[in-house]
Amino acid sequence: MPDSISKSVLGFSRPYLPSKRAFSGLMVLTLLATLFELGIPLIARELIDRLSIGNIDRMVMVILAAAVIVAAIAEYFAAVHASKMGLSTVQRLRFRLIGHLVNVQTIKLHDQHSSELAAQVMTDTDELKDIFSSDLAALIGGVLSFVAVIALLLWMEWRLTLVLLGCLLIGALLITPIALSMSSLNKQILQQHAELTRQCTEWFRHHELVKVYGATPQVEEQAQAALDRYYKLALREARALALIGPISNMMLMTSMIALIATSAYWIAEGTLSMGTFTAFLLYLFGLTFPLIGMGMFFANYQKANGAAERLHALANLPTENLKPGSAAARIRTLRVEEAGLQLGEQQILQNLTLPDMQRGLVMVSGSSGSGKTSLLRTLLGLYPLTHGQIYVNNQPLSLTQLGSWRHRMAWVEQEPALFQATVRDNLCLGKTQVDDAEVIQVLHKVGLAAWLERIGGNLDMLITEQNHQLSGGEKQRFALARALVRPFDLLLLDEPTSALDTQNAKQMMSTLIDLAQSKLVLMISHDHSLFSHADQIVQLENGKLVNILPKQAHLA
Ligand SMILES: Nc1ncnc2c1ncn2[C@@H]1O[C@H](COP(=O)(O)OP(=O)(O)OP(=O)(O)O)[C@@H](O)[C@H]1O
């Protein structure tokens, strides 16, 4: 994302704001609406003064009607334009945030929950939307009306205007601390909202576990506590916001009473016309909305500051650097030299050296937690090496474009991830050209022909989040199919047979042995019965290489 210079709403949103033209358009429309709205009381004054001396002027009536209609039309277009600006700003921001978050370095996302991130992308940005749509238009119109009305009132009766300004100043002083408290309050509300979203996601995703372990009362208790926390914060915010309207109204009421009382005296004295008095009243009414609008803008701006601060933290998570370096060439050899990987306090790989590996099947074994998956993640460029180097065709991997390096690989994860998407979309992830015939062929190759038949050959079938459409073993073969529908030089597999029966494991091994004729296949496995297929066996312990056995040695 572009560097965000500040955590404030305007600083943070600057790169996504609408063009100057759009802002000018809003200014013009708001100005037009405000000018006509300000003109209406003056025309009304003229009309009433003429009527009071029995002069019915049709022209003034027509002008008044036209002014009312034009003001309404301009107000409508200003509101639509402002909403468009707010919506487009948030759309651009969300688009950049989504792109940014999927590129954030894996290790920086470890502490984040995906549903909390999703909640932030959707909910926190909503707080900014109102600022650039309704609130901004209200502010521009409000400031214009306020300045113009005060100028007109000063021109009409300066002493009364000073009394009015005094009342408004007291109102502003009352509203300011309320508005200022919004920033931290809203930050807490959004945090609590995201936390609730995370908890709900966990409960719904693991509903079977919850049922079987009879954890429903526990869930309800946690839900109640989380909802109570949210309710209290939201109520505090509602109470604070609810004060703004009455305070503004109270100040206007007070001003109006003072105005009417003095005006009554002057009308009786004959120094004030009925028309001027009507205009005063209309202007005071006209001030109500701008004042409330300005107060709300101030409060919402502070609220949005809380959201911007949270989004700022997301936007500053470091992303992967896919661009620098040279394009990855076809992989002929792969070597690891004194690789060290430390994550947090934990030393995961320690001086791990793997000599040149070429095409063939390399099995990685070792006890649980010895660093096998971490080694694969390092090769995938998901975990950065703390020291040491990986060499591809004798070139340091750190000098190679990460994106193009990944294009040379395919990966079958330990716990196959499935999207809530169609069979085709799950298999063809990242591919721009999809050939159904090829997809079906690959599904046959990995032993999913019977499964495909069962689903009626329907590649459009939706795989749901709970993915009951696939058994554990079918999921593993499905993940292999996803790898095989793309070209690669290096295939990384993380215990791909752990959920397979002997027959299916044999079939998968035969596919992998075939592939290993022309590609490098690196496979993690705990199953010693499969080791006889390996061209090389790498044994890790505590992140260190303890043994490396060629095929003959192992078979011996
Ligand atoms: N992102 C991480 N942050 C902190 N520790 C991590 C991270 N990734 C892995 N580890 C730790 O590194 C150690 C090795 O994990 P890894 O998953 O590589 O082991 P493994 O050999 O594949 O184990 P298994 O055979 O059980 O899958 C574990 O103790 C794990 O907790």
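Would you mind getting me the FRET efficiency between Leu343 and Ala450? Use the beta-carbon distance for r and R0 = 45 Å, nearest 0.05.
With a Förster radius of 45 Å, E is 0.65.
If I stretch the segment between Leu162 and Arg332 completely, what's the gain in nm (0.36 nm per residue apart, minus their alpha carbon distance), one decimal? Extra length available between Leu162 and Arg332 comes to 52.7 nm. For the peptides 114-123, 455-464, residues were scored by their other Cβ atoms within 10 Å and the scores averaged per peptide; the highest-first order is 114-123, 455-464. One decimal place: the segment Ala437-His207 gains 79.1 nm when fully extended, by the rule 0.36 nm per residue minus the C-alpha distance. Ranked by how many other Cβ atoms sit within 10 Å of their own Cβ, fewest first, the residues Val62, Val434 fall in the order Val62, Val434. By the count of neighbouring beta-carbon atoms within 10 Å, fewest first, His110, His526 end up ordered His110, His526.
Over the chain, DSSP H runs of length four or greater, each weighted -39,500 (n - 2.57), average out per residue to a 222 nm ellipticity of -20500 deg cm²/dmol. Between Leu173 and Met122, what is the label-to-label distance in nm when each label sits 7 Å out along the Cα-to-Cβ direction? My value for the distance between the label points is 4.5 nm. Grab the beta carbon distance between Ile548 and Tyr391, set R0 = 22 Å, and tell me the FRET efficiency rounded to 0.05. The calculated FRET efficiency here is 0.85. According to the calculation over all Cα-Cα pairs in segment 258-311, the P(r) per 10 Å bin from zero is 21, 29, 18, 15, 11, 5, 0 %. Summarising the label geometry, the points placed 7 Å from Cα in the beta-carbon direction at Gln222 and Ser518 lie 5.0 nm from one another.
Compared with the alpha-carbon gap, the fully stretched path from Phe95 to Leu317 is longer by 78.3 nm at 0.36 nm per residue.
So for segment 9-315, averaging the separation of alpha carbon pairs under 8 Å that are six or more residues apart and normalising by length, what relative contact order in percent results?
Normalised by residue count, the contact order of segment 9-315 is 32 percent.
In this rough spin-label picture, where each label sits 7 Å from Cα along the Cβ direction, the Asn249-Ile69 distance is 3.4 nm. Hydrophobic long helices, here whole DSSP H runs in the chain with Kyte-Doolittle means of at least -1.0 and Cα atoms spread over 27 Å or more along the helix axis, are found at 20-52, 58-103, 136-156, 158-205, 216-269, 274-315.
Footprinting exposure proxy ranking of Trp155, Trp451, fewest other C-beta atoms within 10 angstrom first, gives Trp155, Trp451. Taking 15 Å as the cut-off, the amide N atoms of segment 31-62 that come nearer than this to a point 7 Å along the Cα-to-beta-carbon line of Ser273 belong to 41-57, 60-61.
Any read-out appearing in this document is the output of simple, stated calculations on the displayed coordinates, not a laboratory observation. None of these values were measured; they are calculated from a predicted model. Cβ sites come from the backbone with ideal geometry, for glycine too, and all protein chains shown count toward neighbours.
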